[in-house]
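The values are calculated or read from the model by the stated rules, or taken from the named source; none is laboratory data. Just so it is clear, the structure is predicted and the values come from calculations on it, not from any experiment. All Cβ positions, even for glycine, are placed from backbone atoms using ideal geometry, and neighbour counts span all protein chains on display. Heads up: the accessible areas ignore ligands, DNA and RNA and are worked out on the full protein's heavy atoms, side chains in. Shrake-Rupley method; radii C 1.70, N 1.55, O 1.52, S 1.80 Å.
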Amino acid sequence: MKQNIRKIIGQGGNEFAGQDILSVDQFDREKLTYIFSLAAQMRELVERQGGTDLLKGRVLACLFYEPSTRTSSSFIAAMNRLGGTVIPITQGVQFSSVSKGETLPDTVRTLEQYADAIVLRHPKTGAAQIAADYATRPILNAGDGTGEHPTQALLDLFTIQEELGRVDGLHIAMAGDLKYGRTVHSLTRLLLEYDVSLSYVSPEILRLPLDLMNRVREQGVDVRETYNVADVIDSADVLYVTRVQKERFSDLSQYEEIKDFYEITPELMAQAKDEMIIMHPLPRVGEIHYGVDDDPRAAYFRQVRNGMFIRMALLAAVLGSA
Ligand code: ASP
Ligand code: CP
């Protein structure tokens, strides 16, 4: 199995070796196929033997300036399953020297003295790029403000591909906080590599940012916007639901006004196609009723698991031998 993974990593040259992962714009279809086949190998590996020692002796620093359950844990699990170790600054940077006023450039230049790569989550859009400008080791963007969440979009796309067997030809509807939701921003950009139709469902104040919508339109994508999930649920192949990003609101009363603007219920799911899947990057805070969880179309926890395989694939590609 390890031989297989080494073979895939080496096949056609591993263009990811030593590279930063900052944005989904770094990925074309060929690179996506490469990472997805590696992720499928990782799943087989985990299911067969739990892990391997491919990254033995390698160290990953996880530096999180914002809360996380999935991204931090899955990077840690991924590194452990590949035989490497982790410096986890994930339980609050207030316990690191950031609370003494240490800057991001100094923090990453310190961590790279100990680690071979750094996973960074930060509340400022563009922070991952700034870290990469200063660091000599690879930076993996685990979410930068309202900007991007590239590894999430990779696992989202991998999930669509695995669940439905294809991406081309699908109608993908994204609902919720399209303005601040970085997962929506990254997934939208990644989907422009495919022949899909897109629907965006949100209240007026949470519409997809105009520059991104313009980019979608410029590509000639069949796209629509609506306020009502019921308008799209019967024709969607994928319903991608997101949380209203409370932490991005400067006026919390505005958040309170729209936070409960919709909930996906079993009744609403009755209007969806039998083969539709419902996804969510999580955490959910009321957008999907618990009654939907037992529906076989609820893919969000399978999506979570795929995150570990995708992050194993990325770590093997970035840190593994070319
Ligand atoms: N966990 C995702 C993110 O960090 C989505 C969310 O928090 O709503 O962007
Ligand atoms: N999907 C996601 O990024 O989850 P966390 O915020 O828990 O890492």
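A quick yes/no check of all residues on (1) away from ligand 2 (no atom under 16 Å from the Cβ); (2) surrounded by fewer than 18 Cβ atoms within 10 Å (Cβ to Cβ); (3) closer than 22 Å to Ile160 by Cβ:
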residue: Phe16; (1), (2), (3): yes, no, yes
residue: Arg29; (1), (2), (3): yes, yes, yes
residue: Ala39; (1), (2), (3): yes, no, yes
residue: Thr71; (1), (2), (3): no, no, yes
residue: Ile76; (1), (2), (3): no, no, no
residue: Val86; (1), (2), (3): no, no, no
residue: Arg109; (1), (2), (3): yes, yes, no
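Does Pro67 satisfy the criteria of being within 16 Å of ligand 2 (Cβ to nearest atom), assigned to a loop (DSSP other than H, G, I, E, B) and either open to solvent by 20 Å² or more (accessible area, probe 1.4 Å) or modelled with pLDDT under 95 (or both)?
So Pro67 fits the description; yes.
Leu38 fails exactly one of the following numbered conditions: (1) under 20 Å from Arg305 (Cα atoms); (2) within 16 Å of the chain's Cα centre (by Cα). What is the number of that condition?
Condition not satisfied by Leu38: (2).
Filter the range 97-124 down to the residues that are more than 16 Å from ligand 1 (Cβ to nearest atom) and free of Cβ contacts under 8 Å to residues at least 24 places away in the same chain and list them by number. Walk me through it before giving the result.
Of all residues in the range 97-124, those more than 16 Å from ligand 1 (Cβ to nearest atom) come to 97-118.
Scanning the range 97-124 gives Ser97, Ser99, Lys100, Gly101, Glu102, Thr103, Asp106, Thr110, Gln113.
Hand me the list of helices (runs of 4 or more DSSP H) wholly inside the range 251-320 holding 3 or more residues that are open to solvent by less than 10 Å² (accessible area, probe 1.4 Å).
Numbers: elements: 252-258, 266-269, 300-319.
Filter on the range 251-320 gives 300-319.
Read through the list (1) surrounded by 14 or more Cβ atoms within 10 Å (Cβ to Cβ); (2) touching a residue at least 24 places away in the same chain (Cβ under 8 Å), then give the number of the only condition that Met213 fails.
(2)
If you scan the range 125-153, which residues turn out to be among the charged types (D, E, K, R) and either open to solvent by less than 10 Å² (accessible area, probe 1.4 Å) or within 11 Å of ligand 1 (Cβ to nearest atom) (or both)?
Asp144, Glu148
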